[in-house]
Amino acid sequence: MDTKTLALGFVVTAGLTFGAMAHEHSDDTQSLTNAVKSEFRQAKNIERDGFRHPLETLSFFDIKASDTVVELWPGGGWYAEILAPYLAHSGNYIGGNFDTNPDDEKLRNGYRAKAGKKFEHWLADNRAHLGNATTVTFDPPGYYQLGNDNSVDVVLTFRNLHNWAMKGYLEPVFVSAYKVLKYGGTFGVVEHRANPGMDAKTGYMDQTQVIALAEKVGFTLVEQSEVNANPKDTKDYPKGVWTLPPRLALDSLDREKYLAIGESDRMTLKFIKKTQ
């Protein structure tokens, strides 16, 4: 075989490979769009799309339909309602869920255990949409392990960092995410963004400090997005970030003012676990 034939074969093969990759990416984009627009989602969750931008956010994190994805503390399932159906056919959704049966009786009757059970019941009741979506107990400080080392493609956390920071758990949480990710895997973070000097007790986190901590445990920041930014958020409220919707912690007091501001200003950060 002459050099020209070899070169032509390489070009054709490369073109076919690129075409297949482009087709797969197009399929993922359409599947994700379908999941966001699905009638399976609750109306009250869809109402938040204008603040949370799920299609743009998940596209920014470049989540493929074939990925294994861990979502830390899915709570009421706002993102799980999109991610689990999206991953149901060729991927795998894992919710890093609260301990549903803690030893302490008081904790067994507490918010976290009840929320964890509710989430697991939701998974069980919606198998037709969610496929093999499952959970792993992730409830610091008792449970940190998310799975086998180097076993998942993506770890995501949405508006949770302040909870762990207030308890002193944030660094080991980041370490857990780092360990479970494959090399080249993505750690996607969305969090309420503080003004300099604000305390995590307000619900807001300093973006520079978040990046520094992630880099300390081994992550590399590859991209930042302003898709979830909100310049109307002044971050100086009586009850911290919970003053804003959807919580509206002041109830009817200045309700219209806080509704006009909308949900919080948020950082959206994409880290990777670099190859060895």
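Worth pointing out:
- Packing-based order for 53-64, 240-251, using average beta carbon neighbours within 10 Å, highest first: 53-64, 240-251
- Using a probe radius of 1.4 angstrom, the carbon and sulfur fraction of the accessible surface of the chain is 52%.
- Overall Cα dimensions of the range 156-254 - principal axes, largest extent first, Å: 49, 28, 23
- Mean-position separation - Cα centroids, the range 193-249 and the range 78-154, in angstrom: 24 Å
- Quarter of the Cα convex hull surface for the chain, i.e. its orientation-mean projected area (nm²): 17.9 nm²
- Pairs with C-alpha atoms separated by more than 25 Å, drawn from the list K216/K270; K117/K257; K64/K201; K167/K235, are K117/K257; K64/K201.
- For the chain, accessible area per residue (1.4 Å probe, heavy atoms of protein chains only), Å²: 52 Å²
- Rounded accessible area of S151 (nearest 10 Å², 1.4 Å probe): 40 Å²
- Ranked by the mean number of other Cβ atoms within 10 Å per residue, highest first, peptides 171-181, 105-115, 32-42 order as 171-181, 32-42, 105-115.
- Cα-based reach from K273 at 14 Å (exclusive), listing aspartates and glutamates while leaving out same-chain residues under 8 positions away: D149, D153, E215, E223
- R127/K106 FRET efficiency (R0 30 Å; Cβ-Cβ; nearest 0.05): 0.40
- Computed over the range 97-199, the quotient of the alpha carbon radius of gyration and 2.2 N^0.38 Å is 1.19.
The values are calculated or read from the model by the stated rules, or taken from the named source; none is laboratory data. Being a predicted model, the structure only gives us computed values, none of them experimental. Because the Cβ atoms are built from the backbone with ideal geometry, glycine has one as well, and the counts that use them run over all protein chains shown. Quick note on the areas: whole protein, heavy atoms, side chains included, nothing else; ligands and nucleic acids left out. Shrake-Rupley method; radii C 1.70, N 1.55, O 1.52, S 1.80 Å.
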